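Visitor: Let me give you the structure first, and then I'll get to my questions.
Each value in this text was obtained by applying a stated rule to the coordinates, not by laboratory testing. This one's a predicted model, so the numbers in the text were calculated from it and none came from an experiment. Cβ placement follows ideal geometry from the backbone for every residue including glycine, while neighbour counts extend to all protein chains displayed.
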Amino acid sequence: MRLRVGTLYAALDRLQAEGLVAADQEEIVDGRARRYYRLTPEGELRLAAEAEQLRHNADTATARLHARGVRQGLGGLPTVFGELGRAQ
């Protein structure tokens, strides 16, 4: 995914307003300001909660796919096992 600079900084400004990130430093590179941010303790907690939710969602999706006869094949691509062409 590619974010435009304006989109990225708008998101960082929102995260900073919510207290989830803090500006850490700024430097000039090739005549442009480059800002660095760090997670705040609250941001670390929120990130951990979001990661756990994503893990739960992935586990649920994987279980449902396995129940439908889909498993991960070579190269990470899904393959169907059991009867091919059966109604899902």
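Visitor: Just for the Cα atoms in region 7-74, what are the lengths along the principal axes, largest first, rounded to whole Å?
Guide: Projected onto the principal axes, the Cα atoms of region 7-74 cover 55, 29, 17 Å.
Visitor: If packing is taken as the average number of other Cβ atoms within 10 Å across a peptide's residues, how do 2-9, 21-28 rank, most packed first?
Guide: The packing order, highest mean first, is 21-28, 2-9.
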